[in-house]
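Presented below is the structure to which this report refers.
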Amino acid sequence: MLPREAYFTMFLGSIPVAVINFLLAIYVKYLGGNEILVGMAYASYSFFTVVSRPVSGYIIDKGGLRGILYSGMISLIGGFFWLSGAPDPFHAVAAMALVGLGFGFVNVALLVYITGLGGASNPELYGELTSASALGGAVAAGIGFLFLTASELFKEYVFSMKLIFLTYALLCLLPGMYFVTKIRGIKLIEEHKYVNFSLLIYLLVATGLQATGSGISYPMIMPFLINKFHATPFIVMLAYAPSGTAWILVSRKAGNFIKKYGAKASYGLSTLLSAITVSLIPHVNSLITLSALWTLEAVGLSIWYVLLQAVVPKAGSSHVWGRAYGLQNMSYFAPYALGALVGGILYSFVGVEVVFYTAAFFFLLAPVPLLIMKLKGIKL
């Protein structure tokens, strides 16, 4: 079972999940931004998680796990305070850089922490950590829901979202910093040093392909929803709720699913589900159908996300876990950042169908590296 301090640190440190999933696109749009600026905001967040993760992984391997956690939470606090006072979409883009930096630090440190506590042999811990992250995002979404519901009468959405981000900053400042102080050092469980470079490279490529598809499609669901259905923020949150619930529940059970069906089969099925659902999104004619497809996509994404976290320790000993997780996370967020920018450009200049078809293509490509691993006899 996931330790209490790890669960609640991830829970509070994952408030950006709510921002990324639905609030950021709305906020940028209401500040006067277009789809390109929406993509830039997502790209800013993703780019700085790219920068933070390999750096934090190296520092963690040298014994700086708690320092990285403190730095990450401070960065989240600063980013949310800045976001709450953003006067235009460009300030929001800049604030998301700090938020991305902080989340990157917290995420890598906690992955190494639970790996050292037994995650290397038990994928269920990664599922619980991912579930804690999704729950943190859901609670943050619930806070947003209350604020936006109260503001529905006066249509003061920008003011309400500024209050939401201020509340997030205070959550990271008070209970967030408290739980970080409870994190203790871990004892390395392997003394020998090795790196299975072939396995690591194939995992990085698979992660990058999947992330590109997610980056292209996920940020553009919000503009699509607003533009096609003229949805208010309140309706957007209702449409997102089943997807957020799926992340919480499915990721918690993903470890058992992976152990039962194997890594390659689990990854293949989850990416296929993502490809099918995302290709259907531009053709929906009702919010209920869109919400259902969004939820099915979340099921697929949550399974492969847990799986890729669980197999990283197999690529090296405990002395390189920080760097391995840093590289694996970098291989996710770098393509995600590029995909978000490409998605915004495609949406604005080519067409909505092309956005989601392109994402589906990358989802279909994602299992190829794992198939090559099987042909070459590389075991997960």
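Which members of the stretch 146-179 meet the condition of being surrounded by fewer than 21 Cβ atoms within 10 Å (Cβ to Cβ), out of contact with any Ser or Thr (no Cβ under 8 Å at 6 or more places or on another chain) and over 30 Å from THR115 (Cβ atoms)?
LEU146, THR149, LEU153, PHE154, LYS155, GLU156, VAL158, THR167, LEU170
Considering only the stretch 362-373, state which residues are crowded, with 22+ Cβ neighbours inside 10 Å and in a helix (DSSP H, G or I).
Within the stretch 362-373, PHE362, PHE363, LEU370 qualify.
Checking the condition without any contact (Cβ under 8 Å) to a residue 60 or more places away in the chain, within 26 Å of LEU364 (Cβ to Cβ) and not polar (S, T, N, Q), which residue from ALA206, ALA265, ALA231 passes? Even if it seems obvious, please write down each step before you answer.
Working: ALA206 fails: without any contact (Cβ under 8 Å) to a residue 60 or more places away in the chain; ALA231 fails: within 26 Å of LEU364 (Cβ to Cβ).
Among ALA206, ALA265, ALA231, only ALA265 is without any contact (Cβ under 8 Å) to a residue 60 or more places away in the chain, within 26 Å of LEU364 (Cβ to Cβ) and not polar (S, T, N, Q).
Within the stretch 21-49, count every residue that is buried (at least 24 other Cβ atoms within 10 Å of the Cβ) and within 20 Å of LEU111 (Cβ to Cβ).
Total satisfying the criteria: 3.
For the stretch 63-85, check the following and say yes or no: at least one residue is outside any helix (DSSP H, G or I), modelled with pLDDT of 90 or more and either touching a strand residue (DSSP E or B) at 6+ places or on another chain (Cβ under 7 Å) or more than 30 Å from LYS228 (Cβ to Cβ) (or both). Before the answer, list the steps.
The first filter runs over the stretch 63-85 and keeps only residues outside any helix (DSSP H, G or I), leaving 63-64, 85.
Narrowing the set further to residues that are modelled with pLDDT of 90 or more leaves 85.
Subsequent filtering for residues that are either touching a strand residue (DSSP E or B) at 6+ places or on another chain (Cβ under 7 Å) or more than 30 Å from LYS228 (Cβ to Cβ) (or both) retains 85.
So far as the stretch 63-85 goes, yes, one or more of its residues are outside any helix (DSSP H, G or I), modelled with pLDDT of 90 or more and either touching a strand residue (DSSP E or B) at 6+ places or on another chain (Cβ under 7 Å) or more than 30 Å from LYS228 (Cβ to Cβ) (or both).
Show the residue pairs meeting these rules: Cβ distance below 6 Å; 6+ apart or different chains; first residue within the stretch 131-144 and closer than 14 Å to ASN107 by Cβ; second residue not in a helix (DSSP H, G or I) and not aromatic (Phe, Trp, Tyr).
Partner pairs satisfying both residue conditions: SER133/SER14; GLY136/SER14; GLY137/SER14.
Take the residues of the stretch 181-196 that are modelled with pLDDT of 70 or more and either out of contact with any strand residue (DSSP E or B) (no Cβ under 9 Å at 6 or more places or on another chain) or under 19 Å from LEU111 (Cβ atoms) (or both): which is surrounded by the most Cβ atoms within 10 Å (Cβ to Cβ)? Lay out the reasoning, then the answer.
Residues of the stretch 181-196 modelled with pLDDT of 70 or more: 181-184, 194-196.
So of that shortlist, the ones also either out of contact with any strand residue (DSSP E or B) (no Cβ under 9 Å at 6 or more places or on another chain) or under 19 Å from LEU111 (Cβ atoms) (or both) come out as 181-184, 195-196.
Details: THR181: 12, LYS182: 12, ILE183: 18, ARG184: 10, VAL195: 14, ASN196: 15.
Selected residue: ILE183.
Looking at the structure I just gave you, is ASN256 at pLDDT 80 or above, part of a helix (DSSP H, G or I) and more than 25 Å from VAL368 (Cα to Cα)? Steps first, please.
Values: at pLDDT 80 or above: yes; part of a helix (DSSP H, G or I): yes; more than 25 Å from VAL368 (Cα to Cα): no.
Taking the combined requirement at face value, the residue does not satisfy it.
Looking for whichever is within 16 Å of the chain's Cα centre (by Cα) and of a type in the set (A, V, I, L, M) here; the options are ALA298, ALA275. Which one fits?
Details: ALA275 fails: within 16 Å of the chain's Cα centre (by Cα).
Every option except ALA298 fails the conditions.
Kindly evaluate GLY119 against the criterion of being buried (at least 21 other Cβ atoms within 10 Å of the Cβ) and modelled with pLDDT under 85. Show your work before the answer.
Working: buried (at least 21 other Cβ atoms within 10 Å of the Cβ): yes; modelled with pLDDT under 85: yes.
Yes.
Please tell me if ILE276 is of a type in the set (Val, Ile, Thr), within 21 Å of TYR336 (Cα to Cα), surrounded by fewer than 22 Cβ atoms within 10 Å (Cβ to Cβ) and in contact (Cβ under 8 Å) with a residue 60 or more places away in the chain.
Working: of a type in the set (Val, Ile, Thr): yes; within 21 Å of TYR336 (Cα to Cα): yes; surrounded by fewer than 22 Cβ atoms within 10 Å (Cβ to Cβ): yes; in contact (Cβ under 8 Å) with a residue 60 or more places away in the chain: yes.
Against the criterion (of a type in the set (Val, Ile, Thr), within 21 Å of TYR336 (Cα to Cα), surrounded by fewer than 22 Cβ atoms within 10 Å (Cβ to Cβ) and in contact (Cβ under 8 Å) with a residue 60 or more places away in the chain), ILE276 qualifies.
Just to be sure I understand the filter: pairs with C-beta atoms under 7 Å, separated by 6 or more residues or on different chains, first member in the stretch 1-27 and part of a helix (DSSP H, G or I), second member among the basic types (Lys, Arg). Which pairs pass?
Close Cβ pairs satisfying both conditions: GLU5/LYS182.
When you go through SER291, SER318 one by one, which is the residue that is on the phi < 0 side of the Ramachandran plot, modelled with pLDDT under 85 and surrounded by fewer than 24 Cβ atoms within 10 Å (Cβ to Cβ)?
SER318
Could you check the stretch 331-361 and list, in sequence order, the residues that are surrounded by fewer than 22 Cβ atoms within 10 Å (Cβ to Cβ) and closer than 12 Å to PHE224 by Cα?
Once the filter is applied, which keeps residues that are surrounded by fewer than 22 Cβ atoms within 10 Å (Cβ to Cβ) and closer than 12 Å to PHE224 by Cα, the stretch 331-361 yields SER348, GLY351, VAL352, GLU353.
Looking at the stretch 139-175, which of the residues that are small (Gly, Ala, Ser) and more than 18 Å from MET96 (Cβ to Cβ) is modelled with the lowest pLDDT? Give the derivation first.
The first filter runs over the stretch 139-175 and keeps only residues small (Gly, Ala, Ser), leaving 140-142, 144, 150-151, 160, 169.
Pick out the ones that are also more than 18 Å from MET96 (Cβ to Cβ) and you get 142, 150-151, 160.
Working: GLY142: 79, ALA150: 72, SER151: 68, SER160: 82.
Across the stretch 139-175, the extreme among qualifying residues is SER151.
Considering only the stretch 81-101, I want to know if a residue exists there that is more than 23 Å from TYR30 (Cα to Cα), surrounded by 22 or more Cβ atoms within 10 Å (Cβ to Cβ) and of a type in the set (A, V, I, L, M). Steps first, please.
We begin by selecting, within the stretch 81-101, every residue more than 23 Å from TYR30 (Cα to Cα); these are 101.
Okay, now just the ones that are also surrounded by 22 or more Cβ atoms within 10 Å (Cβ to Cβ), so 101.
This time we only want the ones that are of a type in the set (A, V, I, L, M), so: 101.
For the stretch 81-101, residues more than 23 Å from TYR30 (Cα to Cα), surrounded by 22 or more Cβ atoms within 10 Å (Cβ to Cβ) and of a type in the set (A, V, I, L, M): present.
Specify which of the listed residues (ALA340, ALA310, ALA359) is among the small types (Gly, Ala, Ser), farther than 23 Å from TYR45 by Cα and part of a helix (DSSP H, G or I).
On the way: ALA340 fails: farther than 23 Å from TYR45 by Cα; ALA359 fails: farther than 23 Å from TYR45 by Cα.
The conditions single out ALA310.
Pick from LEU273, LEU346: which is closer than 28 Å to LEU129 by Cβ and part of a helix (DSSP H, G or I)?
Working: LEU346 fails: closer than 28 Å to LEU129 by Cβ.
Only one candidate passes the filter, namely LEU273.
The values are calculated or read from the model by the stated rules, or taken from the named source; none is laboratory data. Remember, it's a predicted structure, so these values are computed and weren't measured experimentally. Reconstructed Cβ throughout: ideal geometry from the backbone, glycine too, with neighbour counts over all protein chains shown.
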